[in-house]
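Participant: Take this structure, written in structure tokens, and hold onto it; I'll ask about it next.
The values are calculated or read from the model by the stated rules, or taken from the named source; none is laboratory data. Model, not experiment: these values are computed from the prediction. Cβ: placed from backbone, ideal geometry, glycine included. Neighbour counts: every protein chain shown.
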Amino acid sequence: MSMTRLLPALHATHAGIWLADGSGEVREASRGEAIARAAETPHIILNAPLVGQRLGYPELSGLDLLELFAFIHPARFAVPTASGLSRTLGLEPPKSETDAAAKLSEIAECLFETLADPTWEQREGAWTSNATLHRLGWGWAPLIGARLERPERGERMLFARLKQWEEAAERPPPRHVTLRPGEAREKLDRLTGRAESREGQRAMTEAVAGVFAPKRMKDAPNLLLAEAGTGIGKTLAYLAPASLWAEQSGGTAWVSTFTKALQRQLDAEGPKIIADPAERARRIVVRKGRENYLCLLNLEDALQGAFAGRAAVLAQLVGRWAAYSKDGDMVGGDLPGWLPSLFRRAGAAALTDRRGECVYAGCPHYRRCFIEKAERASREADIVIANHALVMVNAARAREGAPGRILFDEGHHLFDAADSTFAVTFGGQEAIELRRWIVGPESRSRGRRRGLAARLMDVASYDEEGALALDAAVEAAKALASDGWLQRLAEGAPFGQIEALLAEVRGMVYARAKAQEAGYGLETELAEPDGALVSAAAGAAEVLESLNKPLAALSRRLEAVIEDAPDWLDSQARARVEGAINGLSWRRELLSAWIALLARIGGEADPEFVDWLAVDRVDGREYDIAIHRRWLDPTKPLARAVLAPADGVLVTSATLRGGEGWPAAEARTGALHLPAAATHFEAKSPFDYAACSEVLIVTDVKQGDIAALSGAYARLIEASGGGTLGLFTAIQRLKAVHARIADRLAREGLPLLAQHVDPIDAGTLVDIFRDDPRASLLGTDALRDGVDVPGESLRLVVMERVPWPRPTVLHAARRMAGGGSAYDDRAVRARLAQAFGRLIRRQGDCGLFVVLSAAVPSRLLTAFPPGVAVNRMSLDVAIARVQLRLSGEMLRRPIEEIVE
């Protein structure tokens, strides 16, 4: 009998708890017995945090199959369930929960068999890593060690196995070319096969080709606004002309998305455009912000002892992944989204560059850096797949040259992305991050060169003026908020002018803010400030000014060093100094924005902006205090900084107009602020929405009655047999409904997943939901238009109420400027259209959209596709309708027949 067969297994869901002994015999167990046995003997489990939550025992530990899978198959995708792992490994999926409990040992055995497989591609580094994991007390390590043969030669260190990037000459600017008529359509036909090409898709390809024509007028890009309904195939419709233009011009087309899911989808289209994997990797590159990538210096710190306990185990598994990762992307890349959650996310954030502490060429791993590799690859690529935030930041800061051709998919999010990108926030968290970047963290990691002085040590020793400016900047930065600032404010003992200002902000918010739901943040408009706040703002502004001056002087001295090029300034040192100049540049911009914001306190309000004070809280606990500034219309800076400098721009979405006309789309995308008019394109969805979908508005579920709301969700999910996406406007209601119905549904064989409840990231929850047609998923805004689940797995969408905008200071200002209730109506129509868009994703999909609120005004119903029936009815009738429509018995039947 194998080693793993001697180990017991524990399986727990909302439906019950099962124990499997070493022989494979399975029986149900009570919660108390399961906890006692798990505490006595290590059990094989699948997702310890989730099982621990099911048992009400958060400290549960054991032999987690997902950790074993991540060790043996790093950088490989698997749905983290017994069925998902079984399919990935070529095993028969379990047919019941009892079968799933027995399957855990079989999965473990299958994974162990891989260790002896001579074709196992991830063998290198496994023995060394496992030896370290053994010393860390990882439960699987002895079992792996017994099966894994020690290599004849010592294994190369992880960092030696990573491929280095190479320097390349600067790419010349793209040639001016015009795609000839029909050329883009021919390219599309080659990508799809003529039989697959749809007329709407071909028409869109022809329209997008015009985006790549030479620009005719300064600050007036070739701008196309395209509303392409779901099913048109808009991805290939714009990739065809983009790839063709890149080939002919030698330029780079940037494709920008709002969600990581669409980035993955676009990357998956790559083989259709370029078949050869090596060539494809060179010409199609995925780019994200620095905070998404593994920092190798942080990983080295972690592997050498900066992490302890479970975080140290995570570091070893991430090290295994890093050696085989495509691009080192930890957020939405090939690192399994479920891996950090197994460790309660302890340490995962510390492995990325989230504080701008990169030392650039001063890092020993600079030539292997995933971030630098992606940045350099994007310079030579034909197509760069990025996100709205990165494209906007790069354009606004003119880093790497502003993108010349930009294709914004998910264009209905352009307003929100610009709103975040061009926002200004001055608070405790921002101040302490700037302090750490300049001074360094107050508790230093092993040997890490942190802080501006440490990073520029050689420059300081060479340039006396630069050294003086650096010393002055470090000294001035010590006046910023430091560790423990929140506690000092709560005790009424702020330290320094910055903390004194934050204390005044906190006091004014608590004095003026209206009572809100417990645990949520508080805010108040920045109007009629009292004398104490005005005085504190003036003092804080002086501190910021005293910091800005030496930073400006330091920046000038660094530029002089680059110009003089001393002997010691080799290519690596130059890169490090240039990195410092870039970092100083945008932080000085940030300081200037903070100073302008503080100057507004006690002065004249700027009608272009909305300013407010806020205390941010989670579960009643404060985590930040800040002053916020947003553009009243963020498409103004979007048009000026991003659109106007570009040569050609596409903005496309299935819901670009949000049920309104083209003027609404132009207002939401910045087209109104450009000197030349945008071109419009429309292609209706090929789906027969009227035949395959229907909207049901339930009229008898009382608002605010959690018991009634829970019962409605349970009955609807039972009627549909799962496959339900439940959307909520408040996390507390989601949690309350889930707590009431999860066990009931599980006993019927209908698993219920929930964002903000299950200790699993949203992307993985969607993966599990997609994988099981009987599962249902509850979520909030992030799932309203970030979910692509075609087929049987999503056949019913249920919204608990009308998604009215949250009444914030910012919303109130924009509502007043945007037409009052008409502004709210536009926002709600867009949200309803996006939520309905989750339902029909592919030809042949069929489903129902239910709103559990009688208070749905008829004027909002234009959000749904023309021809879709919208009927108001009682919950009982709606449930009967769901049973009939989704049981496959018929696609359509009059309500009167159902009532009878």
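Participant: Search the stretch 727-755 for residues that are over 22 Å from TYR520 (Cβ atoms) and pair each with any residue that is β-branched (Val, Ile, Thr) and not in a helix (DSSP H, G or I) when their beta-carbon atoms are under 8 Å apart and the residues are at least 6 apart or on different chains.
Facilitator: These pairs meet every condition: ALA746/THR13; PRO751/THR13; LEU753/ILE760.
Participant: Could I ask something else about it? Anything in the stretch 124-139 that is at negative phi and without any contact (Cβ under 8 Å) to a residue 24 or more places away in the chain? List them, or say none.
Facilitator: Passing the criteria: ALA131, HIS134, ARG135.
Conditions tested, residue by residue: (1) in contact (Cβ under 8 Å) with a residue 40 or more places away in the chain; (2) in contact with a Phe, Trp or Tyr (Cβ under 8 Å, 6 or more places away or on another chain); (3) crowded, with 23+ Cβ neighbours inside 10 Å.
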site	(1), (2), (3)
ARG171	yes, no, no
PRO181	no, no, no
LEU188	yes, no, yes
THR205	no, yes, yes
GLY210	yes, no, no
THR235	yes, no, no
TYR238	yes, no, yes
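The rows are residues; the columns are (1) within 23 Å of GLY496 (Cα to Cα); (2) assigned to a helix (DSSP H, G or I).
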site	(1), (2)
ALA537	yes, yes
ALA540	yes, yes
VAL543	yes, yes
ASN548	yes, yes
LEU551	yes, yes
LEU558	no, yes
VAL561	no, yes
PRO566	no, no
ALA573	no, yes
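Participant: Which of the residues belonging to the stretch 752-765 are out of contact with any strand residue (DSSP E or B) (no Cβ under 7 Å at 6 or more places or on another chain) and either crowded, with 22+ Cβ neighbours inside 10 Å or assigned to a loop (DSSP other than H, G, I, E, B) (or both)?
Facilitator: Answer for the stretch 752-765, where residues must be out of contact with any strand residue (DSSP E or B) (no Cβ under 7 Å at 6 or more places or on another chain) and either crowded, with 22+ Cβ neighbours inside 10 Å or assigned to a loop (DSSP other than H, G, I, E, B) (or both): HIS756, VAL757, ASP758, PRO759, ILE760, ASP761.
Participant: Search the stretch 314-339 for residues that are assigned by TED's automatic domain parsing to the domain that holds ASN130 and pair each with any residue that is crowded, with 24+ Cβ neighbours inside 10 Å when their beta-carbon atoms are under 7 Å apart and the residues are at least 6 apart or on different chains.
Facilitator: Within 7 Å, no pair qualifies.
Participant: Please find, within the stretch 620-638, the residue that is surrounded by the fewest Cβ atoms within 10 Å (Cβ to Cβ) out of those that are of a type in the set (Lys, Arg) and at pLDDT 95 or above.
Facilitator: Applying the filter and picking the extreme gives LYS636.
Participant: Something else about it: So how many residues does the stretch 257-272 have that are over 14 Å from the mean Cα position of the chain (by Cα) and either of a type in the set (A, V, I, L, M, F, W, C) or not in a helix (DSSP H, G or I) (or both)?
Facilitator: Total meeting the criteria: 3.
Participant: I've got another one for you. With ALA513, ALA472, ALA477, ALA481 as the choices, which residue is surrounded by fewer than 19 Cβ atoms within 10 Å (Cβ to Cβ) and under 33 Å from the mean Cα position of the chain (by Cα)?
Facilitator: ALA513
Participant: Go through (1) at pLDDT 90 or above; (2) out of contact with any strand residue (DSSP E or B) (no Cβ under 7 Å at 6 or more places or on another chain) and name the single condition GLU170 misses.
Facilitator: Result: GLU170 fails condition (1) only.
Participant: Within the stretch 82-101, track down each residue that is touching a strand residue (DSSP E or B) at 6+ places or on another chain (Cβ under 7 Å) and surrounded by fewer than 20 Cβ atoms within 10 Å (Cβ to Cβ).
Facilitator: THR98
Participant: Test each condition in (1) closer than 22 Å to THR421 by Cα; (2) touching a Gly at 6+ places or on another chain (Cβ under 7 Å) for LEU554 and report the one that comes out false.
Facilitator: Of the numbered conditions (1) closer than 22 Å to THR421 by Cα; (2) touching a Gly at 6+ places or on another chain (Cβ under 7 Å), the odd one out for LEU554 is (1).
Participant: Name every residue in the stretch 148-169 that is within 24 Å of TYR324 (Cα to Cα), assigned to a loop (DSSP other than H, G, I, E, B) and either without any contact (Cβ under 8 Å) to a residue 60 or more places away in the chain or aliphatic (A, V, I, L, M) (or both), in order of residue number.
Facilitator: LEU148, GLU149, ARG150, PRO151, GLU152, ARG153, GLY154, GLU155, ARG156, MET157, LEU162, GLU166
Participant: Looking at the stretch 253-280, which of the residues that are out of contact with any strand residue (DSSP E or B) (no Cβ under 9 Å at 6 or more places or on another chain), hydrophobic (A, V, I, L, M, F, W, C) and free of Cβ contacts under 8 Å to residues at least 60 places away in the same chain is farthest from LEU239 (Cα to Cα)?
Facilitator: In this case the residue turns out to be ALA278.
Participant: List the pairs whose first member sits in the stretch 88-108 and is under 17 Å from LEU750 (Cα atoms) and in the same structural domain as ALA78 (by TED's automatic domain parsing), whose second member is outside any helix (DSSP H, G or I) and of a type in the set (Ser, Thr, Tyr), and whose Cβ atoms are under 7 Å apart, counting only residues at least 6 apart or on separate chains?
Facilitator: Matching pairs, first to second residue: GLU97/THR13.
Participant: With the condition kept exactly as written, say whether any residue in the stretch 609-619 is farther than 18 Å from LEU502 by Cα, within 25 Å of the chain's Cα centre (by Cα) and either at pLDDT below 85 or surrounded by 14 or more Cβ atoms within 10 Å (Cβ to Cβ) (or both).
Facilitator: Yes: one or more hits.
Participant: Looking at the stretch 462-477, is at least one residue in the same structural domain as ALA541 (by TED's automatic domain parsing) and more than 19 Å from ARG556 (Cβ to Cβ)? Don't jump to the end; show me each part of the working.
Facilitator: Taking the stretch 462-477 first, the residues in the same structural domain as ALA541 (by TED's automatic domain parsing) are 462-477.
With the extra rule that they be more than 19 Å from ARG556 (Cβ to Cβ), the set shrinks to none.
So far as the stretch 462-477 goes, no, none of its residues is in the same structural domain as ALA541 (by TED's automatic domain parsing) and more than 19 Å from ARG556 (Cβ to Cβ).
Participant: Somewhere in the stretch 140-147, is a residue surrounded by fewer than 16 Cβ atoms within 10 Å (Cβ to Cβ), free of Cβ contacts under 8 Å to residues at least 12 places away in the same chain, assigned to a loop (DSSP other than H, G, I, E, B) and not polar (S, T, N, Q)?
Facilitator: Within the stretch 140-147, not a single residue is surrounded by fewer than 16 Cβ atoms within 10 Å (Cβ to Cβ), free of Cβ contacts under 8 Å to residues at least 12 places away in the same chain, assigned to a loop (DSSP other than H, G, I, E, B) and not polar (S, T, N, Q).
Participant: Within the stretch 449-474, track down each residue that is assigned to a helix (DSSP H, G or I), within 19 Å of ALA575 (Cβ to Cβ) and acidic (Asp, Glu).
Facilitator: ASP458
Participant: Look at ALA240 and say whether it is of a type in the set (A, V, I, L, M) and assigned to a helix (DSSP H, G or I).
Facilitator: It is true that ALA240 is of a type in the set (A, V, I, L, M) and assigned to a helix (DSSP H, G or I).
Participant: Filtering the stretch 698-710 down to residues that are among the aliphatic types (A, V, I, L, M) and within 32 Å of the chain's Cα centre (by Cα), which residue is surrounded by the most Cβ atoms within 10 Å (Cβ to Cβ)? Explain how you work it out, then say what you get.
Facilitator: Within the stretch 698-710, the subset among the aliphatic types (A, V, I, L, M) is 698, 701, 706-709.
Filter once more, keeping what is within 32 Å of the chain's Cα centre (by Cα): 706, 709.
Working: ILE706: 14, LEU709: 23.
Checked the stretch 698-710; the qualifying residue surrounded by the most Cβ atoms within 10 Å (Cβ to Cβ) is LEU709.
Participant: Could you grab me the full set of residues in the stretch 288-300 that are surrounded by fewer than 24 Cβ atoms within 10 Å (Cβ to Cβ), in a loop (DSSP other than H, G, I, E, B) and in contact with a strand residue (DSSP E or B) (Cβ under 7 Å, 6 or more places away or on another chain)?
Facilitator: Correct list: LYS288 only.
Participant: For the list (1) more than 24 Å from LEU335 (Cβ to Cβ); (2) charged (D, E, K, R); (3) assigned to a loop (DSSP other than H, G, I, E, B), I need the number of the one condition that GLU106 fails.
Facilitator: Every listed condition holds for GLU106 apart from (3).
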